Amino acid sequence: MFYYPNNIYWPLVRLEGVIEGDEGSLAQQMADFIEESDERYPFADTYVLRGPNSNTYVQWVLDQFPRSNLKLGWNSFGKEFKT
């Protein structure tokens, strides 16, 4: 558990990219993949701060779609965790 006083916030948070589109688009393919990922994701039952964690999952999804050109930020704990 982490304690953050009310006067501390994340000043460097920003949107890194957007994927959108209609049927058959990369966005639709990614959405379908995510909906079916509970059967494929190798760490579905494991969670650790440094990985595997939620950032590990997002990086795993992004690795399946390199043409999206989306990348997690440098400070995304767990993104470097590999299978």
| task | Pairs only if they're at least six apart or on different chains, beta carbon under 7 angstrom, first in the stretch 44-58 and at negative phi and free of Cβ contacts under 8 Å to residues at least 12 places away in the same chain, second surrounded by 13 or more Cβ atoms within 10 Å (Cβ to Cβ) and in a loop (DSSP other than H, G, I, E, B); list them, first residue then second. | result | THR46/PRO52; TYR47/ASN53
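Looking only at the stretch 46-80, filter to residues that are among the charged types (D, E, K, R) and either out of contact with any Phe, Trp or Tyr (no Cβ under 9 Å at 6 or more places or on another chain) or assigned to a helix (DSSP H, G or I) (or both); which one of those is surrounded by the fewest Cβ atoms within 10 Å (Cβ to Cβ)? Can you show your working first?
Residues of the stretch 46-80 that are among the charged types (D, E, K, R), as a first pass: 50, 63, 67, 71, 79-80.
Narrowing the set further to residues that are either out of contact with any Phe, Trp or Tyr (no Cβ under 9 Å at 6 or more places or on another chain) or assigned to a helix (DSSP H, G or I) (or both) leaves 63, 67, 71, 79-80.
On the way: ASP63: 11, ARG67: 6, LYS71: 12, LYS79: 22, GLU80: 12.
Across the stretch 46-80, the extreme among qualifying residues is ARG67.
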| query | Can you find a residue in the stretch 32-44 that is modelled with pLDDT of 90 or more and in contact with a Lys or Arg (Cβ under 9 Å, 6 or more places away or on another chain)? | reply | yes
| remark: Note on LEU26: of the conditions (1) over 14 Å from the mean Cα position of the chain (by Cα); (2) without any contact (Cβ under 8 Å) to a residue 40 or more places away in the chain, unmet is (2)
| task | Name the single residue, out of those in the stretch 13-31 being of a type in the set (A, V, I, L, M, F, W, C) and over 24 Å from VAL48 (Cα atoms), that is modelled with the lowest pLDDT. | result | LEU15
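Filter the stretch 34-45 for residues that are surrounded by fewer than 16 Cβ atoms within 10 Å (Cβ to Cβ) and in a loop (DSSP other than H, G, I, E, B) and give the result. Walk me through how you get there before you give the answer.
Within the stretch 34-45, the subset surrounded by fewer than 16 Cβ atoms within 10 Å (Cβ to Cβ) is 34-40, 42, 44-45.
The answer is GLU36, ARG40, PRO42, ALA44, ASP45.
The values are calculated or read from the model by the stated rules, or taken from the named source; none is laboratory data. Keep in mind that what you see is a predicted model, and the values were worked out from it rather than measured. We place every Cβ from the backbone using ideal geometry, glycine too, and count neighbours over all the protein chains shown.
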